[in-house]
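Comments concern the structure below.
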Amino acid sequence: MNVAGQLPKDIRGEAYTGAATCIKCHKDLSQSYAHSPHGSTSKPVADAQLLKVFAADSNSFLFDAHQKVVIEKRDSGIFQVAYQDGKALRAQKFDIQFGSGEKAYTYAYWQGKKLYELPLSYFAAIQNWAISPGFPRDRFYYDRGITSRCLECHGSYVEKKLSQKSAFVIDEEMEKGSLIYGIDCERCHGPGKQHVIFHTENPEEKTAKFIAIYKKLSRKQKMDACSVCHSGNTLVTQKSVFGFKPGDNLDEYYQQDFVGFGGGNPDVHGNQASMLRGSNCYRKSETMTCQSCHNTHESIKGNLTIYSQRCISCHQTTRHSKATLAKGSLSTNCIDCHMPKEPSKLITFQQAGKNDLSAYLLRSHHIAIYPVNK
């Protein structure tokens with residue numbers, strides 16, 4: 001039987017086989033992972049699901065008495081439509097959704113072989129629309145480009161073409177049909193075709209072969225695998241991390257910034273790995289990694305009880321003050337005290353009718369005793 005010839009082709013090359021192949025033997029894991037933040041970090045917009053997002057809320061955002069952006073359902077899909085004094089000036093369709101929705105959804109549209117961010121994002125904290133982070137506060141804007149670098153952490157692959165337009169300008173085009181949404185199996189476990197062929201031909205072998213086994217990786221290799229997407233936005237890219245495979249040395253892909261391993265003051269957005277490395281929990285352990293608390297196949301985002309139980313597995317003898325004990329059952333919530341939500345220094349959002357920017361709160365991964373909670 002020619003197993004290789006029966007496997008679907010993958011845009012990433014001959015060594016890959018695609019997540020649909022993985023599902024055949026790992027159905028339960030695949031179903032759980034599909035609903036996890038990693039699995040849903042990007043996806044094509046489904047109109048029926050999008051209608052549920054804004055149906056109960058206002059479907060328009062007023063910049064001022066003259067300008068607004070309205071979410072409208074039209075025959076060809078759902079659009080963000082910009083109006084000036086009642087006249088529609090710009091309309092772009094929701095094509096791609098970024099984010100799992102726990103904090104927010106940001107959206108993008110295709111124009112030829114280029115991808116652009118839409119002016120409004122949906123924020124869970126207010127259950128409504130607000131200006132997308134970093135966009136102008138006084139006018140609608142549709143021309144912020146999304147590059148393949150964004151998709152390196154919000155997708156699994158996209159084919160791109162670079163061309164030198166001038167001495168200082170490089171133009172990028174991306175093939176819409178090549179985009180692999182979300183973080184798929186082979187993005188974290190490496191190319192799987194040889195693994196599938198071997199186990200299809202040797203069904204009695206239950207030890208996984210020809211695939212990354214995380215428990216066999218070194219501590220640095222485990223951290224590198226997560227740091228591909230959780231090292232922040234300030235690193236200098238040496239080459240595309242689409243090519244990174246578990247076990248690779250991430251230093252060959254990124255040039256580390258001054259923040260390093262916990263120094264400086266990294267932002268809570270995207271810097272989970274460096275913040276963890278700066279924690280005493282990590283420094284005083286020889287084995288702690290991201291996987292000590294997180295199983296990426298799970299969909300338990302926000303379940304503080306489960307995460308707290310993982311804290312207690314290492315801190316069974318920890319003593320607390322009477323004031324702390326008075327706050328309630330510590331076994332169900334270590335997280336809010338020792339990993340509090342903090343405002344991002346890089347991301348804020350503008351609500352309609354408000355002068356001040358709203359804070360974008362994210363969970364700190366610098367595990368510590370915070371002064372306010374002593």
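Of all residues in segment 1-39 being small (Gly, Ala, Ser), surrounded by 13 or more Cβ atoms within 10 Å (Cβ to Cβ) and modelled with pLDDT of 90 or more, which is nearest to the chain's Cα centre (by Cα)?
Keep residues of segment 1-39 that are small (Gly, Ala, Ser), which gives 4-5, 13, 15, 18-20, 30, 32, 34, 36, 39.
Next cut, surrounded by 13 or more Cβ atoms within 10 Å (Cβ to Cβ) only: 4, 15, 18-20, 30, 32, 34, 36, 39.
If we keep only those that are modelled with pLDDT of 90 or more too, we end up with 15, 18-20.
On the way: Ala15: 25, Gly18: 20, Ala19: 18, Ala20: 21 Å.
The selected residue is Ala19.
Take segment 40-86 and flag every residue that is crowded, with 18+ Cβ neighbours inside 10 Å and of a type in the set (Ser, Thr, Tyr).
Residues satisfying the conditions are Ser40, Thr41, Ser42, Tyr83.
Pairs under 7 Å by beta carbon, first residue closer than 22 Å to Val228 by Cα in segment 157-178, partner aromatic (Phe, Trp, Tyr) and in a helix (DSSP H, G or I), six or more apart or different chains?
Close Cβ pairs (under 7 Å, with a partner that is aromatic (Phe, Trp, Tyr) and in a helix (DSSP H, G or I)) amount to Tyr157/Phe242.
Can you tell me which residue is farthest from Ala125 (Cα to Cα) among those in segment 340-367 that are within 24 Å of the chain's Cα centre (by Cα) and small (Gly, Ala, Ser)?
Taking the candidates together, the pick is Ser364.
Select the strands (runs of 3 or more DSSP E) contained entirely in segment 35-83, then report the ones holding at least 2 residues which are free of Cβ contacts under 8 Å to residues at least 24 places away in the same chain and within 21 Å of Asp143 (Cα to Cα).
67-74
Give the residues of segment 151-184 that are surrounded by fewer than 19 Cβ atoms within 10 Å (Cβ to Cβ) and either in contact with a helix residue (DSSP H, G or I) (Cβ under 7 Å, 6 or more places away or on another chain) or under 30 Å from Asn355 (Cβ atoms) (or both), sorted by residue number.
Hits for segment 151-184 are Glu159, Lys160, Glu172.
(1) within 30 Å of His189 (Cα to Cα); (2) part of a strand (DSSP E or B); (3) out of contact with any Lys or Arg (no Cβ under 9 Å at 6 or more places or on another chain): which one isn't true of Trp110, the others all being true?
(3)
Does Ala91 qualify as being touching a residue at least 12 places away in the same chain (Cβ under 8 Å) and assigned to a loop (DSSP other than H, G, I, E, B)?
On the way: touching a residue at least 12 places away in the same chain (Cβ under 8 Å): yes; assigned to a loop (DSSP other than H, G, I, E, B): no.
When the stated conditions are applied, Ala91 does not pass them.
Hey, any hits in segment 163-172 for a residue that's closer than 21 Å to Glu298 by Cα and either under 22 Å from the mean Cα position of the chain (by Cα) or of a type in the set (D, E, K, R) (or both)?
no
Are any of the residues in segment 53-69 at pLDDT 95 or above and within 27 Å of the chain's Cα centre (by Cα)?
Looking through segment 53-69, at least one residue is at pLDDT 95 or above and within 27 Å of the chain's Cα centre (by Cα).
Just to be sure I understand, how many residues within segment 203-252 are surrounded by 18 or more Cβ atoms within 10 Å (Cβ to Cβ) and outside any loop (DSSP other than H, G, I, E, B)?
9
Please list, ordered by residue number, the strands (runs of 3 or more DSSP E) wholly in segment 131-201 having 3 or more residues that are acidic (Asp, Glu).
Per the criteria, 170-174.
For segment 113-130, which positions are touching a residue at least 24 places away in the same chain (Cβ under 8 Å) and either in a loop (DSSP other than H, G, I, E, B) or among the hydroxyl-bearing types (Ser, Thr, Tyr) (or both)?
Lys113, Tyr116, Leu118, Pro119, Ser121, Tyr122, Ala125, Ile126, Gln127 - these are the residues of segment 113-130 that are touching a residue at least 24 places away in the same chain (Cβ under 8 Å) and either in a loop (DSSP other than H, G, I, E, B) or among the hydroxyl-bearing types (Ser, Thr, Tyr) (or both).
Can you spot a residue in segment 315-328 that is surrounded by fewer than 16 Cβ atoms within 10 Å (Cβ to Cβ), at pLDDT 85 or above and over 27 Å from Pro133 (Cα atoms)?
Yes, some residue in segment 315-328 is surrounded by fewer than 16 Cβ atoms within 10 Å (Cβ to Cβ), at pLDDT 85 or above and over 27 Å from Pro133 (Cα atoms).
For residues that are aromatic (Phe, Trp, Tyr) and in contact with an Asp or Glu (Cβ under 6 Å, 6 or more places away or on another chain), scanning just segment 87-114, find the one that is surrounded by the fewest Cβ atoms within 10 Å (Cβ to Cβ). Even if it seems obvious, please write down each step before you answer.
At the first step, the residues of segment 87-114 found to be aromatic (Phe, Trp, Tyr) are 94, 98, 105, 107, 109-110.
Those still in the list that are in contact with an Asp or Glu (Cβ under 6 Å, 6 or more places away or on another chain) too: 109-110.
Details: Tyr109: 21, Trp110: 16.
Among them, the one singled out is Trp110.
The values are calculated or read from the model by the stated rules, or taken from the named source; none is laboratory data. Bear in mind the structure is a predicted one, so any value in this text is a computation, not a measurement. Using ideal geometry, Cβ is built from the backbone for each residue, glycine included, and neighbour counts are taken over all protein chains shown.
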